[in-house]
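Worksheet: the structure to be examined is printed underneath.
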Amino acid sequence: MAGPEKHSLTLRGHRTSVTLEPEFWQAFLEIARGRPCSVNALASEIDETRRPEEGLASAIRVYCLQHFKQSGR
């Protein structure tokens, strides 16, 4: 497994970045394509529903895990 990589996102007009392992980033891209929606739109949805003490990168990881668990993959 490769180390985490920084990715830039725009959430509701504000630039930010998240650091994710390549496997989580690929899973995140796959989910966004399947919805279909942009990565920024999906990240904004996750950002709006995450707990205040939870970082965005952690929230994205959990979202990916829950998505694939629910889909039976």
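Listing for the model above:
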{"item": "Cubic angstrom per residue, convex hull over Cα atoms of the chain", "result": "91 Å³"}
{"item": "Peptides ranked, highest mean first, by Cβ atoms within 10 Å: ranges 15-28, 46-59", "result": "15-28, 46-59"}
{"item": "Over the chain, relative contact order from alpha-carbon pairs under 8 Å, at least 6 apart, %", "result": "26 percent"}
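Taken together, the values in this text are just the output of simple stated rules run on the coordinates, not laboratory data. Predicted, not measured: the structure shown is a model, and the values here were computed from it. Every residue, glycine among them, receives a Cβ derived from its backbone with ideal geometry; neighbour counts consider all protein chains shown.
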